[in-house]
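Take a look at the structure set out below.
The values are calculated or read from the model by the stated rules, or taken from the named source; none is laboratory data. Keep in mind that this is a model prediction, so the values were computed, not measured. With ideal geometry, Cβ positions are generated from the backbone for all residues, glycine too; neighbour counts draw on all protein chains shown.
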Amino acid sequence: MAKFNQPRKDDGRSDLVDRVVKIKRCAAVVKGGRRFSFAAMVVVGDGKGRVGWGYGKANEVPPSVEKAQKQASREMVAVPLVEGSIPHVVKGRFGAAKVILLPAGPGTGIIAGAAVRAVCEAAGIKNILTKSFGSPNPVTLVKATLNALSQLRTRQDTERLRGVEL
């Protein structure tokens, strides 16, 4: 079984780094005993501002991780980075999980829990402060973090959208 939170280079996609956030085991009781299946949640990023997440299910761990990696690489989103951090404070929400992301100065590092840290590292964020509220479920925390990152706008984006110079 793969070690959690250890970055690995993907085999076919050498520029992508993936992190296994959570592996769940589910048991179905059948005539001969219990039949186990596994669900894996994986975060994939290029370390340069693109990140995605995937959720795969299979009867064994490796196929479920592969399915999750494939889905994550298909559903990557761009994250604007400013000097290794994010442009501004942002709040994300998914279900009962809430996440606040604050930009930090150089040398701060990633101050975050396991699930939020996996997303930030995969996206290439080097300095950030985070706080999560509500649900501690890693799946909803990853979705809330990606919701927050999708709301980020650079100064140039805001100027262009408003049609004014800031």
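Can you name every residue in the stretch 62-83 that is surrounded by 19 or more Cβ atoms within 10 Å (Cβ to Cβ) and touching a residue at least 60 places away in the same chain (Cβ under 8 Å)?
Result: V65, S73, V79.
Given L141, L161, which one is part of a helix (DSSP H, G or I), within 25 Å of I23 (Cβ to Cβ) and among the hydrophobic types (A, V, I, L, M, F, W, C)?
Of L141, L161, the one residue that is part of a helix (DSSP H, G or I), within 25 Å of I23 (Cβ to Cβ) and among the hydrophobic types (A, V, I, L, M, F, W, C) is L141.
Report those strands (runs of 3 or more DSSP E) wholly inside the stretch 23-131 carrying at least 1 residues which are of a type in the set (S, T, Y).
33-45, 50-58
Return the only residue of R117, R93, R160 being of a type in the set (D, E, K, R), touching a strand residue (DSSP E or B) at 6+ places or on another chain (Cβ under 8 Å), without any contact (Cβ under 8 Å) to a residue 60 or more places away in the chain and over 13 Å from V79 (Cα atoms).
Being of a type in the set (D, E, K, R), touching a strand residue (DSSP E or B) at 6+ places or on another chain (Cβ under 8 Å), without any contact (Cβ under 8 Å) to a residue 60 or more places away in the chain and over 13 Å from V79 (Cα atoms) holds for just one of R117, R93, R160, which is R93.
Looking at the stretch 135-146, is at least one residue more than 30 Å from K57 (Cα to Cα), surrounded by fewer than 20 Cβ atoms within 10 Å (Cβ to Cβ) and hydroxyl-bearing (S, T, Y)?
No, the conditions are met nowhere in the stretch 135-146.
If we scan the stretch 23-32, do we find a residue that is of a type in the set (D, E, K, R), at pLDDT below 95 and under 19 Å from A148 (Cβ atoms)?
No: zero hits.
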